[in-house]
Amino acid sequence: MDEPFGALDHQTRELMQELLLGIWEAERKTVLFVTHDIDEAVFMGSRVVVMSARPGRIKLDRAVPIAHPRHYSVKTTPAFSELKAELTEQVRVEVRAAQGEMAANTG
C-alpha cells in the first residue's frame, strides 16, 4: 500500500490507521505499507525500514518493540518516542544528503 491515507485529514487518517491495524491483527496477512509519516510507520508497523537518498537503498531496518494489539495511546509511550526520534534523525540525515546533492548539481 503506497501512502493510502495521505490525502485524509488527521482525524480520519488516525481512524483508518486503527481500522487497518485491527484488520491486520485479526487476519495476520503480510502488508507492505509505504509512508513518509514516521508516527504512522511506528504505529502501524512490525518493523520500519528507512531508505537512503539516491541511490535508494535500505539504510536502517528496525523492529517496532510495541506489542499487539495496539491502542492509539501507544503513541505517548517512551518506546514509541525513542523509536520515532531515532527514525526521524536517520531520515533527516538522508534529506540533508539529498539537498546537498541537489545543490551540487545546480551550482
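Bear in mind these aren't lab numbers, they're just calculated from the coordinates by the rules spelled out. Just so you know, these numbers come straight off a predicted model, no measurement behind them. Here Cβ is always computed from backbone atoms with ideal geometry, including for glycine, and neighbour counts include all displayed protein chains.
MET51's amide H: which non-local residues (gap 5+, or another chain) put their own amide H closer than 5 Å, with H modeled 1.01 Å from N in plane and none for Pro or chain starts?
Amide H neighbours of MET51: LYS59.
Counting helices only, and only those DSSP H runs with n ≥ 4, report the 222 nm mean residue ellipticity of the chain as the sum of -39,500 (n - 2.57) divided by its residues, in deg cm²/dmol to the nearest 500.
After summing the helix terms and dividing by the residues of the chain, the value is -17000 deg cm²/dmol.
Longest span of the chain, sites excluded, free of trypsin sites (Lys or Arg not before Pro) in DSSP loop with at most 13 other C-beta atoms within 10 Å? Don't skip to the answer; put the middle values down first.
Details: sites that count: ARG28, LYS29, ARG57.
Of all site-free stretches, the longest is 58-107.
Short version: ³J(HN,Hα) in whole Hz for each residue of the stretch 9-16, in order, from phi by Karplus 6.51 cos²θ - 1.76 cosθ + 1.60 (θ = phi - 60°), x for Gly and Pro, what are they?
6, 4, 5, 5, 4, 5, 5, 5
With an 8 Å Cα cut-off and a minimum separation of 6 or more residues, compute the relative contact order for the chain in percent.
Working: 88 pairs, mean separation 24.6, N = 107.
Taking the mean separation of contacting Cα pairs over the length of the chain, I get 23 percent.
Find the Rg to Rh ratio for the chain, where Rh is the Kirkwood radius over alpha-carbon pairs and Rg uses the same atoms.
Details: Rg = 15.4 Å, Rh = 15.1 Å.
Radius of gyration relative to Kirkwood radius: 1.02.
What are the ³J(HN,Hα) couplings of the stretch 40-55, residue after residue, when phi is run through the Karplus curve with 6.51, -1.76, 1.60 and θ = phi - 60°? Round to Hz, x for glycine and proline.
5, 4, 5, 5, 8, x, 8, 8, 10, 10, 9, 8, 7, 5, 3, x
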